[in-house]
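Computed from the coordinates by the stated procedures, all read-outs in this text should not be read as laboratory data. The structure presented is a predicted model; accordingly, all values stated were derived computationally and were not measured. So basically every Cβ, Gly included, is an ideal-geometry build from the backbone, and we count neighbours across all protein chains shown.
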Amino acid sequence: MEDNFTRDELAEAGDWEKYEFQVVENTKRVIQLLHRINADATFFVVGKVAERHPEIVQMIDKGGFEVASHGYAHEPVDQMTKEEFEEDLKKSISIIEKITLKKVKGYRVRSFSITRDTLWAFEILKKNGLQYDSSLTDTELKFLVSNELNFSKLLNGLVEIPVCNKKFMGKKWAISGGIVLRLFFFPLYRFLLEHCCAENRCRIIYAHVWEFNKDQPKRNVGWLQKIAQSSCTYTTESKIKKFSSKNDFISLDSYLKANVQSIES
């Protein structure tokens, strides 16, 4: 749950006030869709957005959906020190828990920036009471399990639920959502996702709430990003509806409760 602005656009604290925010409208749209298709979901909420719009976090919670952390300032973990990361995490958790009066169980970092170079983040997540993380791609997780003998010890009970990653046209893509979900034709996207899921036990589809609104505000971005986010690419809602006709959507917390033993094994 975030507004659609790049890191460069939000370089200064005051930049958050420069742009037309749509996050409240967009999140309401997603909640209404989930209710219509009888689907559950986990909302990874940016703490700074929750701080500015606590009413929408309350709406997510009252709608019966899980609220998890997406950090406070929406910074990649590899751009922070350990101390900065922990402060950012604590702040996001505190804001969300004060609004929902429920424990935050899950976390997702920005841009899948927890990698083999930032494994110290898991120690901080565990230290601060998180039960699961969904910040790794499956290929990164496989590498760590195969090459890091102490990886399971590092997690120490924290469950990692990865997103699907696939090499396509010479580049690795997070198949589970985002721009791949928006741009690929549905039959091809479904094929790639099912192929990935055949190799992994957790089927995840993720999307940003702004991807459900084709009427984006004017922004200071380059032409490539403008093309990638033009109104004709906003196919997320229709694809979610197509998946829901043959699949049930649940939150990551529900998935964890139902599958924790098989995940840990």
Checklist line | Net charge dipole size for segment 13-264 [Lys, Arg +1 and Asp, Glu -1 on Cβ; Debye, nearest 20] | finding: 800 debye
Notebook entry, point to check: Tell me, what is the FRET efficiency for Arg116 and Asn259 to the nearest 0.05, using R0 = 22 angstrom and their Cβ-Cβ distance as r?
Noted result: 0.30
Item checked: Filter on Lys98/Lys127; Lys82/Lys105; Lys82/Lys171; Lys91/Lys167 - keep pairs with C-alpha separation over 24 Å -> Lys82/Lys171; Lys91/Lys167
Note to self: As a footprinting exposure proxy, order Val159, Val45 by other Cβ within 10 Å, with the fewest listed first.
What the structure shows: Val159, Val45
Notebook entry, point to check: For segment 65-104, treating each Cα as an identical point scatterer without solvent, what Debye log10 I(q)/I(0) comes out at q = 0.28, 0.32 1/Å?
Noted result: -0.90, -1.05
Next item on the list: Could you give me the percent of Cα pairs per 10 Å distance bin for segment 80-129, shortest bin first, beginning at zero and ending with the bin that holds the maximum distance?
Entry: 23, 56, 20, 1
Note to self: Which residue, Trp120, Ile96, Val109, has the largest displacement toward the positive end of the dipole of segment 40-127 when charges sit on each Cβ (Lys, Arg +1; Asp, Glu -1)?
What the structure shows: Ile96
Note to self: For a distance above 32 Å, tell me the whole-number percent of Cα pairs in segment 13-264 that qualify.
What the structure shows: 19 percent
